[in-house]
Amino acid sequence: MHGWGIGVRIGQLSGEVFQVNQGSLYPALMRMLRRGWIRAEWRVSEKRRKARYYSLTASGRRQLTRETETWERVAQAMNGVLRTRSAEG
Amino acid sequence: MFWERLRHILPLRLRTLFRRSTVERELDDELQDHLEHQVAQFVGRGMSPGQARTEALKALGGVERRKEECRDARGMNAFDHLVRDARLAVRALSRNPGYTTVALVTLALGIGATTAIFTVVNGVLLRPLDYQDPSRLVVLKYRQSSTVAGANFLDFRSQSRSFEAVGAAEWWTPNVSDGVRPEELPGLHLSSDVLPMLGVAPLLGRVFTEEETHEGRNQVVVLSYEIWQRRFGGDSSAVGASLRMDGEPYQIIGVMPKGFRFAPFWATGARLWAPLVLDHRLTDRTGASLRVFARLKPGVTVEAADREMALITDRLGKEYPGTNPEGTAVPLMQMVVGDVRDALLVLFAAVGFVLLIACANVAHLQLLRAATREREFALRGALGASRSRLVQQSLVESVILAVSGGAIGLLVAWGGVRLLTELAPANLPRLEGLTIDPVVLLFVGGISLGATLLFGLAPAVAAARVNLHEPLKEGSRGSADSPRKRRVRGLLVGSEFALALMLLVGAGLVLRSFAARRGLDAGFQADGVFSAVIALRGTSHADRDRRAGFFEQVVDGVSQLPGVTGASAINHLPLHGDNWQFRFFVEGRPAVEPGKEPRAYFRVTRPGYFSTMGITMLAGRDFTRDDLASRAHLVIVNQSLARQQWPGESPLGRRLSVDNPATGADWFTVIGVTKDGRQAGWIDDVRGEMYFPNLDAPGPDDLVGSQSSFVSFLNPVNMTLVARTRGESMDLLKSVQAVVAAVDRDAPVTDVITMRQAVDEQFAEPRFYLTLLTGFALLAVTLAAIGIYGVMSYSVARRSQEIGIRLALGAGTRDAFGLIVGQGMRLAALGGLAGIIGALILSRYLRSLLFGVGPADPVTFLGVVVLLAVVALAAAAIPARRAARVNPLTALRSD
């Protein structure tokens, strides 16, 4: 998927809650590229321009799993705290 | 996992490095594509295309900034910035051509001179000798003398355990008499172990064997590459051919490779090698003419070998009293360079000082420039450059300056090495093959880097400290001239001064030494004397009973040439020729312990020698023809010998003998006393000297050490002709050659030199060091003067406001002048003080270069201080005059 497409997709999947800041999208992609989590290849986009299409690498997939786990742990902890609070009123 | 990442990252980074424009275009394409999608979306929502574009750009938030963020995220920062800094630096430097030129020239001179001297140090002192495993080669000698007698050498060889090979070498100058003109070639007689010991295989043929070092089998010779080329045109059929030397045919059995040299000291000119025959010298312990070389066994140290030599000579000394003083083993390299090591290192240190001064000057320039660029830096800082970036920029500029200076310096060094090789005295060892090799290149790189640190650090630190607010304010003239800054500048100039003073003291001491050398009395009149060696070996006049007659005819013939006011002959010319010493016995004195007899230089002269040479006869008379004809046993001694042996009385009529009176003396009567003169080396102490008449005496051939009587030494086969002329003495050569050829066609006339040249030869080495040291000292003083001038000028410019106020308040122009000059002189004084202390400490190391002058010579120190004071005064006075001319009104008004 190319950069524009990624932004659109994130918006879709999150029910338009996450509006990707266009300014930070590409630098973020660059950073991930540098760490080897995604790879890029050049293709002609629908607009007949050359654009870079990104895909996950094996180590990127591993990183995703790690991040997901971390997020779930945080979410659980958050829930625990909030439920307790509301219970205390 | 790390390797995976590397696999991804590396191509990325390389790509960014090498295909910059492509990468930039890709980034552009990507963002354009994104924009187009955004525009499409907005248009889809009902905006006009123009509006959509504007909104899309707004949403993205500035294309350039996003690009920069992407570039940052890409992580090529460090290198990117480096390249950019380099480009900026080059542009900044080229915008200031005056400053850049001065800095580059200063650096190039400093680095170039240092590299040139280092090339010499490397080529002479550091480079290993051109033999196999040269660090294992040693010279066996006595502590006080270098030459060994035949029987002693043989005992060294048989009694030692530390060496895997021991060999000997002896001077040999064969007369080559094939072809048009007879020629004397420089060569060596070698024992069979020497060439194999060196581990260099012959280019053609072979080296000689042990069998060939015996009488009858010894007429073989190994040629050097040069002789082979010159006389045989490099034809390989030379091996096996015959060469007529000393009247005998020698078979050429081998040729050594190009560039092979032996011996590396003492007989550096030897170009052919033949076997050393010791058959007649197996028991000779007095004719010390051999030099002994050895190769250490693996695992044996030089110290162990040295100890063994001491033991061996001790044993031999007891067995044969008076023949073997304490022996020692010395590394071959030390014999080659030992004499010049100290002097070369002094030169190296001196040029190092010059480099330090040059760096200080450039650091100064950099600081001044940094001060003027404060506004620029402040602006950049305000625009977002971090301090570390500013420092990095400053350093990059310094590096570029240093590298460029180093590159130009390399050119300077190349020229300098050429110059040095031209000027260097002929006896500077290992001069040939002095090139800029990888070691030197490494050195240049190293000191360029070091220089960068030295002069780049100060401005970099200044950049780091830059005040970001002050300089930008309206009306600001840059940050105040803080005391710290003044101190740094003062320190720089002060240390320049100290270094320059130390160099001047060194140069001054060497200069006075040189003058002291020249001041020594030669003892003879050097100007207008022509000399040449005539060697009879192998000619028809080589027979004992024909030699003296030959020399008489030649001397007569030469003395009749037009322009010649006197001619004579001597066995060895003072200063230039060989120097033999014989022990002697005085009549009527008690026997002396063997080995402790007095020794004197041994000369054989023909009548008229002293008048030809201009040597004053203090008492008595010269030999006459009648003396020679009657074979009278007479001797002439010099003042020193007379004073030593017959103090307070006239030696005339006294008798001495070279043969031991106990075994049958041959007494010679003293008939004259000459004034002392230079003998072997110009600055050597004068020793006893005895002159014997050139008698033709029958007897066995006077090979050194052979068991012949002393008298046969008075009939040498070679003599040096001397002739005093009214005009230019060198013009005599052709006429002399004609005279000699008329008497004997095969007799070569060689080693032609005038006494003036022989004397000047003695000064070649001291003059070389003097020239270099003085050159460096003057360079240093010039640089230091420029340094002071620069500081003072800057100070005046900075303080013109202050000076204007003072003047307006009533101070006289003289006070302004005095203010600046006083400041300058104070700097100079402090620096000078440090310099004097430094000079006192370091001048000790100059001892090997000094003569007649102590390292703390007050005259020199005083002279240098006065000179530098004048220089400092001048350097401060010029800007000070500008200060005095400051118009108070304009100064106060200026921004």
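The values are calculated or read from the model by the stated rules, or taken from the named source; none is laboratory data. Computed from a prediction, not measured in an experiment: that's the story for all the values here. For neighbour counting, all protein chains shown are included, and Cβ atoms are generated from backbone atoms with ideal geometry for every residue, glycine included.
Overview of results
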| quantity | calculated |
| --- | --- |
| Subset tally (residues that are assigned to a helix (DSSP H, G or I) and within 16 Å of B:A149 (Cα to Cα)) for region B:319-342 | 1 |
| Criterion: closer than 26 Å to B:V396 by Cα, at pLDDT 75 or above and assigned to a helix (DSSP H, G or I) - qualifying residue of B:E68, B:E24, B:E30, B:E55 | B:E24 |
| Residue count, region B:273-299 (criterion: in contact with a His (Cβ under 7 Å, 6 or more places away or on another chain) and either in a loop (DSSP other than H, G, I, E, B) or polar (S, T, N, Q) (or both)) | 2 |
| Single unsatisfied condition, B:G98 versus (1) at pLDDT below 80; (2) surrounded by 13 or more Cβ atoms within 10 Å (Cβ to Cβ) | (2) |
| Criterion: free of Cβ contacts under 8 Å to residues at least 60 places away in the same chain and crowded, with 21+ Cβ neighbours inside 10 Å - qualifying residue of B:S191, B:S158, B:S224 | B:S224 |
| Out of B:L60, B:L31, B:L27, B:L104, sole residue that is on the phi < 0 side of the Ramachandran plot, surrounded by 16 or more Cβ atoms within 10 Å (Cβ to Cβ) and away from every other protein chain (no Cβ under 14 Å) | B:L104 |
| Residue satisfying condition, being on the phi < 0 side of the Ramachandran plot, in a helix (DSSP H, G or I) and either surrounded by fewer than 16 Cβ atoms within 10 Å (Cβ to Cβ) or touching a His at 6+ places or on another chain (Cβ under 7 Å) (or both), within set B:G415, B:G406, B:G456, B:G352 | B:G415 |
| Scan of region B:34-53 for residues that are closer than 20 Å to A:H2 by Cα and either at the interface with chain A (Cβ under 8 Å from one of its Cβ atoms) or among the hydroxyl-bearing types (S, T, Y) (or both), ordered by number | B:H34, B:E36, B:H37, B:Q38, B:A40 |
| Residue count, region A:3-44 (criterion: facing another protein chain (nearest Cβ under 7 Å) and closer than 19 Å to B:L60 by Cα) | 8 |
| Cross-chain or 6+ apart pairs with Cβ under 8 Å, region B:759-785 first and farther than 19 Å from B:F861 by Cα and at pLDDT below 90, then surrounded by fewer than 18 Cβ atoms within 10 Å (Cβ to Cβ) and polar (S, T, N, Q) | B:A764/B:N427; B:E765/B:N427 |
| Total residues in region B:278-299, condition buried (at least 18 other Cβ atoms within 10 Å of the Cβ) and either over 25 Å from B:D659 (Cβ atoms) or without any contact (Cβ under 8 Å) to a residue 60 or more places away in the chain (or both) | 6 |
| Hey, B:A548 in a helix (DSSP H, G or I), touching an Asp or Glu at 6+ places or on another chain (Cβ under 6 Å) and at pLDDT below 95 or not | yes |
| Condition check for B:G50: modelled with pLDDT of 80 or more, assigned to a helix (DSSP H, G or I) and surrounded by fewer than 12 Cβ atoms within 10 Å (Cβ to Cβ) | yes |
| Residues that are surrounded by 20 or more Cβ atoms within 10 Å (Cβ to Cβ) and in contact with an Asp or Glu (Cβ under 9 Å, 6 or more places away or on another chain), drawn from region B:828-849 | B:G831, B:S843, B:L846, B:L849 |
| Index of the failed condition, A:T70 passing every other in (1) more than 10 Å from chain B (Cβ to nearest Cβ); (2) surrounded by 10 or more Cβ atoms within 10 Å (Cβ to Cβ); (3) within 17 Å of A:Y26 (Cβ to Cβ) | (3) |
| B:S611 being of a type in the set (S, T, N, Q) and free of Cβ contacts under 8 Å to residues at least 40 places away in the same chain | no |
| Single residue of region A:21-50 satisfying the filter (farther than 16 Å from B:E69 by Cα and modelled with pLDDT under 75) that is surrounded by the most Cβ atoms within 10 Å (Cβ to Cβ) | A:S45 |
